[in-house]
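A short write-up of the structure that comes next.
The values are calculated or read from the model by the stated rules, or taken from the named source; none is laboratory data. All values reported here derive from a predicted model rather than from experimental measurement. Positions of Cβ are generated from backbone atoms using ideal geometry, with glycine treated the same way; all protein chains shown enter the neighbour counts.
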Amino acid sequence: MEKRTRNPRKAAQRRSGAAKALRARSGPRTTASARASFRKDSAALKAPAVPGGAAATDDTVITALDLDAAPLGPAMAAYFDKCREKLGFVPNVLKAYAFDMAKLEAFVAMYNDLMLAPSGLSKLEREIIAVAVSSHNRCYYCLVAHGAAVRQLAGDPVLGELMVMNYRAAKLTRRHRAMLDFAEKLTAEPWQVEEADRETLRKAGFSDRDIWDIAAVAAFFNMSNRIASATDMRPNRLYHAQARTSAEEPL
């Protein structure tokens with residue numbers, strides 16, 4: 001049989017065509033310039049979107065409103081000093097209210113009475129109400145500030161995150177689940193609250209005075225959430241890093 005002479009040029013063309021078909025199936029080859037572009041994009045993703053981080057200006061531009069701070073009265077000047085002594089800083093919400101001494105003093109008095117005064121509710125219980133309400137309202141300021149308080153009081157960073165994201169995902173006691181369900185309903189559908197809801201709280205161990213306090217804390221934070229959202233109030237940067245390590249974990 002006569003042997004066919006192979007044409008080198010046609011063979012090369014066939015190989016080239018096969019290679020193109022393979023690349024079409026498997027995707028484009030990664031060239032040096034493509035790899036460099038990928039590295040550049042990856043570096044951009046890792047870099048902060050804002051110089052100094054996303055919260056870089058949160059301690060200097062506290063709200064979106066241009067309101068000049070009023071001179072602090074003696075009581076509020078002493079209170080700000082007490083905050084610096086105990087917390088290491090003055091919460092930005094106090095600075096936001098400082099354009100009007102009457103409003104600042106009223107806010108401080110109500111906050112301290114609801115969150116710090118003697119109550120059938122523990123301080124942690126009051127804080128998790130604050131966070132559950134703020135989570136429903138998606139209030140950035142209160143979720144950051146009071147999420148930090150929950151982490152600190154509970155000694156449990158995960159509980160703080162659960163309260164911020166969805167309290168229903170937490171393994172709560174019957175008492176706490178009833179308390180937060182009531183606060184959530186009061187926040188989302190207050191007109192739907194009825195005697196059966198109060199009775200559920202009583203069965204979970206709450207007194208009528210406790211029910212008042214649950215409602216008062218939930219109502220206060222609904223108001224605070226709306227003020228914070230309306231003014232784009234920014235939380236202190238220090239809150240973000242507070243109590244991120246469990247009490248059981250070594251530092």
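Brief remarks on what is shown
- Only residues that are farther than 26 Å from Glu161 by Cβ and at pLDDT below 95 were counted across region 191-242, and they come to 0.
- Within the set Ala178, Ala183, the sole residue that is in a helix (DSSP H, G or I), more than 30 Å from Lys86 (Cβ to Cβ), at pLDDT 95 or above and of a type outside the set (Phe, Trp, Tyr) turns out to be Ala178.
- Selection status of Ala188, surrounded by fewer than 13 Cβ atoms within 10 Å (Cβ to Cβ) and under 26 Å from Ile62 (Cα atoms): no
Per-residue answers, yes or no, for (1) more than 22 Å from Thr245 (Cα to Cα); (2) over 23 Å from the mean Cα position of the chain (by Cα); (3) of a type in the set (Val, Ile, Thr); (4) surrounded by fewer than 20 Cβ atoms within 10 Å (Cβ to Cβ):
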{"site": "Ser134", "(1), (2), (3), (4)": "yes, no, no, no"}
{"site": "Gly160", "(1), (2), (3), (4)": "no, no, no, no"}
{"site": "Glu184", "(1), (2), (3), (4)": "yes, no, no, yes"}
{"site": "Ile211", "(1), (2), (3), (4)": "yes, yes, yes, yes"}
{"site": "Ala216", "(1), (2), (3), (4)": "yes, no, no, yes"}
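- Breaking point among (1) without any contact (Cβ under 8 Å) to a residue 12 or more places away in the chain; (2) surrounded by 12 or more Cβ atoms within 10 Å (Cβ to Cβ); (3) under 28 Å from Ile62 (Cβ atoms), for Ala230: (2)
- Any hit, region 195-205, residues being crowded, with 16+ Cβ neighbours inside 10 Å, free of Cβ contacts under 8 Å to residues at least 60 places away in the same chain, of a type in the set (A, V, I, L, M) and closer than 18 Å to Val133 by Cα: yes
- Residues (closer than 27 Å to Arg174 by Cα and either assigned to a helix (DSSP H, G or I) or of a type in the set (D, E, K, R) (or both)) located in region 224-251: Asn225, Arg244, Glu248
- Conditions (1) assigned to a helix (DSSP H, G or I); (2) among the aliphatic types (A, V, I, L, M); (3) in contact with a helix residue (DSSP H, G or I) (Cβ under 9 Å, 6 or more places away or on another chain); (4) closer than 30 Å to Val61 by Cα: number failed by Ile211: (4)
- Inclusion of Tyr79 among residues that are closer than 23 Å to Val164 by Cα, at pLDDT 95 or above and surrounded by fewer than 19 Cβ atoms within 10 Å (Cβ to Cβ) is not warranted.
- Test result for Glu85, over 22 Å from the mean Cα position of the chain (by Cα), without any contact (Cβ under 8 Å) to a residue 40 or more places away in the chain and surrounded by 13 or more Cβ atoms within 10 Å (Cβ to Cβ): no
- Only residues that are in a helix (DSSP H, G or I), of a type outside the set (Gly, Ala, Ser) and either in contact with a Ser or Thr (Cβ under 8 Å, 6 or more places away or on another chain) or within 25 Å of His240 (Cβ to Cβ) (or both) were counted in region 77-127, giving 26.
- Taken over region 38-76, the criterion of being farther than 25 Å from Gln242 by Cβ, at pLDDT 95 or above and in a helix (DSSP H, G or I) is satisfied by Pro74, Ala75.
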